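Engineer: If you scroll down you'll find the structure; I have some questions about it.
The values are calculated or read from the model by the stated rules, or taken from the named source; none is laboratory data. Computed from a predicted model, the values in this text were never measured in an experiment. All Cβ positions, even for glycine, are placed from backbone atoms using ideal geometry, and neighbour counts span all protein chains on display. When the accessible area is computed, the model is the full protein with side chains, heavy atoms only, and any ligands, DNA or RNA have been set aside. Shrake-Rupley method; radii C 1.70, N 1.55, O 1.52, S 1.80 Å.
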Amino acid sequence: AKLPETYQWALSMDATMLEERLVSVANCPLIAIGSGGSHSTAILVADLHQRQTGEVGRADTPWMAASYLKQLKGSAVVLVSGAGRNPDILGVARRAVQSEPESLIALCASKSSPLARIVGNYARGFCFDFDVPAGKDGFLATNSLLALGVVVLKGHGIRDVLPQSVDP
């Protein structure tokens with residue numbers, strides 16, 4: 001019921017800092033990691049990176065990515081999470097920090113999360129986090145996923161193709 005409101009809010013959000021960070025990793029391979037619904041946003045991040053930069057973009061789950069993170073020193077790692085509290089994403093965030101990637105970016109639809117703290121303590125870490133005005137989503141997290149998707153598109157400089165409103 002709150003998707004139109006969430007969409008309008010996400011369209012108005014300033015994603016300049018995210019866009020600057022994504023531009024700074026344009027010459028790096030990128031691995032985007034998310035579990036559950038956030039995996040769909042990770043796929044979007046990886047696909048846009050590969051299409052726009054020509055560098056490899058790959059999306060994976062925390063479980064799969066944990067097995068090869070140590071080989072990604074020259075890569076950018078993007079962690080996507082709705083609440084930033086899931087044990088899987090927190091575990092892979094710690095592993096990512098240990099692997100010392102070129103850049104570690106967290107996208108989180110919840111301010112001041114444990115994920116933001118882990119990434120924020122890494123010298124080359126950056127967290128783009130926000131609280132969705134629709135409030136806590138519940139199991140399907142549709143408002144969070146919509147907001148994350150719009151933010152990712154804006155962070156990749158894609159604004160003109162986004163409709164300015166959606167019908168309920």
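Engineer: Can you tell me which of (1) touching an Asp or Glu at 6+ places or on another chain (Cβ under 7 Å); (2) over 14 Å from Leu153 (Cα atoms) is the one Ser81 doesn't meet?
Structural biologist: Among (1) touching an Asp or Glu at 6+ places or on another chain (Cβ under 7 Å); (2) over 14 Å from Leu153 (Cα atoms), Ser81 violates only (1).
Engineer: Only one of (1) within 21 Å of Val151 (Cβ to Cβ); (2) open to solvent by 30 Å² or more (accessible area, probe 1.4 Å); (3) over 11 Å from the mean Cα position of the chain (by Cα) fails for Asn121. Which number is that?
Structural biologist: It fails just one condition, (1).
Engineer: In addition: Return yes when Thr142 is hydroxyl-bearing (Ser, Thr, Tyr), surrounded by fewer than 19 Cβ atoms within 10 Å (Cβ to Cβ) and under 16 Å from the mean Cα position of the chain (by Cα) and no when it is not.
Structural biologist: Considered against the rule, which asks whether it is hydroxyl-bearing (Ser, Thr, Tyr), surrounded by fewer than 19 Cβ atoms within 10 Å (Cβ to Cβ) and under 16 Å from the mean Cα position of the chain (by Cα), Thr142 comes out as yes.
Engineer: Got a sec? Which of Ala76, Ala93 is at pLDDT 80 or above, among the small types (Gly, Ala, Ser) and closer than 17 Å to Ile43 by Cα?
Structural biologist: Step by step, each of Ala76, Ala93 is checked, and only Ala76 is at pLDDT 80 or above, among the small types (Gly, Ala, Ser) and closer than 17 Å to Ile43 by Cα.
Engineer: Can we say Leu30 is without any contact (Cβ under 8 Å) to a residue 60 or more places away in the chain, closer than 28 Å to Gly91 by Cα and touching a His at 6+ places or on another chain (Cβ under 6 Å)?
Structural biologist: yes
Engineer: Sticking with this one: Kindly evaluate Pro87 against the criterion of being over 14 Å from the mean Cα position of the chain (by Cα) and either loosely packed, with under 15 Cβ neighbours inside 10 Å or modelled with pLDDT of 95 or more (or both).
Structural biologist: yes
Engineer: Report, by residue number, each residue of the stretch 40-76 that is open to solvent by 30 Å² or more (accessible area, probe 1.4 Å) and in a helix (DSSP H, G or I).
Structural biologist: The answer is Ser40, Ile43, Leu44, Asp47, Gln50, Arg51, Gln52, Thr53, Trp63, Met64, Lys70, Gln71.
Engineer: Among Val152, Val97, which is in contact (Cβ under 8 Å) with a residue 24 or more places away in the chain, of a type in the set (A, V, I, L, M, F, W, C) and crowded, with 23+ Cβ neighbours inside 10 Å?
Structural biologist: Residue meeting the stated conditions: Val152.
Engineer: Restricting to the stretch 1-39, count the residues that are buried (at least 18 other Cβ atoms within 10 Å of the Cβ) and hydroxyl-bearing (Ser, Thr, Tyr).
Structural biologist: Result for the stretch 1-39: 4.
Engineer: Can you tell which of Ser75, Ser112 is among the polar types (S, T, N, Q), touching a Leu at 6+ places or on another chain (Cβ under 7 Å) and over 20 Å from Gly36 (Cα atoms)?
Structural biologist: Just a single option satisfies the conditions, and that option is Ser75.
Engineer: State yes or no: is Gly82 open to solvent by 40 Å² or more (accessible area, probe 1.4 Å), under 14 Å from the mean Cα position of the chain (by Cα) and modelled with pLDDT under 90?
Structural biologist: Considered against the rule, which asks whether it is open to solvent by 40 Å² or more (accessible area, probe 1.4 Å), under 14 Å from the mean Cα position of the chain (by Cα) and modelled with pLDDT under 90, Gly82 comes out as no.
Engineer: Which members of the stretch 100-118 meet the condition of being crowded, with 18+ Cβ neighbours inside 10 Å, modelled with pLDDT of 95 or more and farther than 19 Å from Thr41 by Cα?
Structural biologist: Listed by number, the residues that qualify are Pro114, Ile118.
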